[in-house]
Amino acid sequence: MVDMETRHQVYFANRTALVAYATRIVGSRETAEDIVQEAFIRFTPANANGATLEKSSGLLPAYLYRIVRNLSLDLIKRRKLELREERSEPPYWSMPIEAPSPEDIVVAADEIRQVSIALGDLPEQVRVALEMHRFGGYTLEEIAAHLDVSVATAHRHVRTAMVRVATTLAGNAS
């Protein structure tokens, strides 16, 4: 039978690692420390059950980690249930969508027209660089390869186009 002193040694030797382990599961160091403390209480001989564990102190760290893991997962399940019960508002998909006002539609359409004109006035490589970067999600390296320019030039093209669009929109906002 493993004595209390051995259990204490195993616990204190693994405590820091157990807290880190529980923190990764529950996402909070404070909560993880509480879980590890609870695991120690369950780890004591008064609450221990299992004859095979008692025969080998080599299994004690694994048993302690299992206790911490189970307590952490139980806490996560409990939180999810509580959160589900606390929700008083209906799910997002059941909420009515607020339609934009006619004024909002006109303003948005005017901004789109202004941006379109600003993009049309740009040199082709600058416009293509902006479209690839902002609308296509391409990296500067990919844009540079496509346009056969350096990465710095691709960056300058994107920046130039963005400044032009921002200036156009800011000039018409005032």
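Per-structure values
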| item | result |
| --- | --- |
| DSSP H segments from the chain that extend 15 Å or more along their own axis, Cα-based, with Kyte-Doolittle mean of -0.5 or above | 4-26, 29-43, 60-86, 102-120, 151-173 |
| Dipole magnitude of the chain about its Cα centre (Cβ charges: Lys, Arg +1; Asp, Glu -1), debye to nearest 20 | 780 debye |
| For region 113-159, alpha-carbon Rg relative to the globular expectation (2.2 N^0.38 Å, N residues) | 1.07 |
| Peptides 104-110, 14-20 ordered by average Cβ neighbours within 10 Å, highest first | 14-20, 104-110 |
| Alpha-carbon centroid distance for the pair region 103-144 / region 25-42, whole angstrom | 52 Å |
| Cα gyration tensor, region 91-174 - rounded (a/c under 1.5), prolate or oblate | oblate |
| Top positive-direction residue, dipole computed over the chain with Cβ charges, set ALA154, HIS8, LEU119 | HIS8 |
| Value at 222 nm in deg cm²/dmol, rounded to 500, when DSSP H runs of n ≥ 4 in the chain each add -39,500 (n - 2.57) | -24000 deg cm²/dmol |
| Convex hull volume of the chain per residue (C-alpha atoms, cubic angstrom) | 249 Å³ |
| Heavy-atom surface of the chain, accessible at 1.4 Å and reported per residue (Å²) | 70 Å² |
| Highest average packing first - 26-39, 134-147, Cβ atoms within 10 Å | 26-39, 134-147 |
| Carbon plus sulfur fraction of accessible area for the chain, probe 1.4 Å, in percent | 55 percent |
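The values are calculated or read from the model by the stated rules, or taken from the named source; none is laboratory data. Note that this is a predicted model, so its numbers are computed, not measured. Reconstructed Cβ throughout: ideal geometry from the backbone, glycine too, with neighbour counts over all protein chains shown. Keep in mind that these areas ignore ligands, DNA and RNA; they rest on the heavy atoms of the full protein, side chains included. Shrake-Rupley method; radii C 1.70, N 1.55, O 1.52, S 1.80 Å.
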